[in-house]
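Presented below is the structure to which this report refers.
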Amino acid sequence: MGILGALFAGVSGLDTYSSSIEVIGNNIANANTAGFKGSRAEFSDILASSLSGGSSGNQIGRGVQLAAVTTQFTQGSFETTSSGTDLAIDGKGFFIVANNDGVFYTRAGKFTINAEGILVNSRGDRVQGVILDVAGNPSGTTGDLNLTVTNAPPQKTSSVNFVANLDASDAVLGSRGTLTSGGAIKDRFQFISGTNDVIAFNDGT
């Protein structure tokens, strides 16, 4: 291999590890960047010389090189912010954004509403989405999310699921009874024992 080969191997190590430190520094610098995914430097050895003779391996390494810088798509941590338009994805997936150059995908969910009422990111790319019907199914094609119209036709309540913990020290009524409401719905209600052990659901005060 010679002196020059030995020097080259040593210099390749310094150069490659310098690149690795740059990758680590970039990860640290973007610790507070929304949607940032860290990178990892991957190395590979350089085999460029072979010695003749001998029954065992006879390749001589010439040092190390940076094989690749891969992105780590691991789930990041969630933080509470003061903005109602800051979003995050739990699990796999990307936000779809678009501009005049085309459609792009991102994990960064720091969005705002521009002057036209469209949800955009910090570069002005428009967030894409679809309108859902009352059943939660997509009812149109993918397009800009315009939040200027926030009102929807009212839908009357068809059923209510009521769950409560009963006081174990209260008396047990003799029969199951029924639930009734005698007037307009109030913010507070009370259960009282009615005639023939029927529970009446009365408006509270």
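Checked against the criterion of being more than 21 Å from the chain's Cα centre (by Cα) and surrounded by 10 or more Cβ atoms within 10 Å (Cβ to Cβ), the candidates GLY140, GLY102, GLY124 yield just one match: GLY140. Taking the stated definitions as given, is ARG107 in contact with a Leu (Cβ under 8 Å, 6 or more places away or on another chain), at pLDDT 65 or above and charged (D, E, K, R)? Criteria not met by ARG107. When each of LYS92, LYS110 is tested for being within 16 Å of the chain's Cα centre (by Cα), among the basic types (Lys, Arg) and surrounded by 12 or more Cβ atoms within 10 Å (Cβ to Cβ), the lone residue that passes is LYS110.
Is it fair to say SER122 is part of a loop (DSSP other than H, G, I, E, B), modelled with pLDDT under 90, outside the structural domain of VAL23 (by TED's automatic domain parsing) and over 30 Å from ALA41 (Cβ atoms)?
no
Checking each residue in segment 1-35 for being at pLDDT below 85, in a loop (DSSP other than H, G, I, E, B) and surrounded by 10 or more Cβ atoms within 10 Å (Cβ to Cβ) picks out MET1, THR33, ALA34, GLY35.
The values are calculated or read from the model by the stated rules, or taken from the named source; none is laboratory data. On a predicted model such as this, the values are computed, not experimentally measured, just so you know. Counting neighbours? That spans all protein chains shown, and the Cβs are built from the backbone with ideal geometry, glycine included.
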